[in-house]
Amino acid sequence: VTGQRLSGDVTADGVDMRDEYDRVESDPLAGIGQFTGIQQMDVAIKGAKRGELWTHAAFTGGMKSTLALNWLYNQAVYYRHSSIFFSLEMPYPQVRNQRIRDGELDHYTDEELGRMSEDQKSKLIKGRINPERPEKRFYFEHVIPDLGDAANDYGSIHVEVHDPDKTDFNINDLKSKSELLHSKDPAITTVIVDHAGLMTSRNRHTSTTERLNEVLRDLKRLSMSFNKGAGIAVVALFQISREGFKAA
């Protein structure tokens, strides 16, 4: 259906290989995945590509969600790509407001930020905007209208929170929801799971390690099989146990 090859004889693919080479040579975006906006990573790895599973691991409070949301913001605003963010530990308003507040800082120039005190910047980040100061006017008159302006042609950041009426959330739930959203928004190029440790494995395991291994294997398969084999970039945020670190 998607035109994606699932099998074949490599030695008989000479014509296809030549056509693919010509296509890539003439397409400056070929071979480039979803950029993070962090120059060192983007230059070295060329972004997360279809069929790839990226795992970003850190301790609690290690800014995993912040990195992921900033990545998706850059994708939407600067590259015009859409994405899906599965939040399994934060409610929807918290995800939305955290990203909008960060976006507000993005709209300030370096000079403007340089003139702000650390207390003012802290209040911006934490959402404690003083109505008597220009932050509120800037927020209402510039940041929010900018995001809603269709002329900008920004991509979308679809946030999905775990259904409170369900006790489990496994790869089948994630895949069906992702492909439903993709059918409505074909510009979706990235799926981020926050975080993989909160997903349920399809099979019951007595060992946490076995359960997590199955979840990660399923996410890798999703990156390759998404949309009938077309593939998609999948990023799994992963929370490292401090107790495990201490024991090691």
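As a test of reading the structure, rank MET224, MET41 by solvent-accessible area (1.4 Å probe, protein chains only), most first.
On the way: MET224 115, MET41 65 Å².
Putting MET224, MET41 in descending order of accessible area: MET224, MET41.
How much length is gained on full extension from ASN97 to LEU198, taking 0.36 nm per residue of separation minus their Cα-Cα distance? Don't skip to the answer; put the middle values down first.
Working: separation 101, 0.36 × 101 = 36.36 nm, distance 2.22 nm.
Extending this stretch completely gives an extra 34.1 nm.
Give me, ordered by chain and number, the residues 5 or more places off TRP54 or on other chains with an amide H under 5 Å from its own placed amide H.
Placed amide hydrogens put VAL234, VAL235, ALA236 under 5 Å from TRP54.
Determine, from the Cβ-Cβ distance of VAL24 and GLU243 and an R0 of 35 Å, the FRET efficiency 1/(1 + (r/R0)^6), rounded to the nearest 0.05. Let's see the in-between values first.
Values: r = 47 Å, r/R0 = 1.34.
Computed FRET efficiency for VAL24 and GLU243: 0.15.
Would you mind computing, in nm to one decimal, how far apart the modelled labels at THR209 and MET17 are, each placed 7 Å from Cα along Cα→Cβ?
4.1
So which of LYS49/LYS246; LYS184/LYS228; LYS64/LYS175 end up more than 25 Å apart, counting from Cα to Cα?
Details: LYS49/LYS246 35 Å; LYS184/LYS228 16 Å; LYS64/LYS175 22 Å.
Listed pairs above 25 Å: LYS49/LYS246.
Can you give the accessible area of PHE226 in Å² (nearest 10), computed on protein heavy atoms with a 1.4 Å probe?
Ignoring ligands and nucleic acids, PHE226 comes out at about 0 Å².
Report the FRET efficiency, 1/(1 + (r/R0)^6), for ALA151 and VAL43, where r is their Cβ-Cβ distance and R0 is 25 Å, rounded to 0.05. It would help to have the intermediate numbers written out before the result.
Details: r = 31 Å, r/R0 = 1.24.
Using R0 = 25 Å, I get an efficiency of 0.20.
Accessible area per residue for segment 181-248 in Å², computed with a 1.4 Å probe and the full protein assembly in place, what is it?
On the way: 3600 Å² over 68 residues.
About 53 Å² of surface per residue is accessible.
The values are calculated or read from the model by the stated rules, or taken from the named source; none is laboratory data. These numbers were taken from a predicted model, which means no experiment stands behind them. Every residue, glycine as well, gets a Cβ built from its backbone with ideal geometry; the counts of neighbours run over all protein chains shown. In case anyone asks, the SASA skips ligands and DNA or RNA and just uses the protein heavy atoms, side chains included. Shrake-Rupley method; radii C 1.70, N 1.55, O 1.52, S 1.80 Å.
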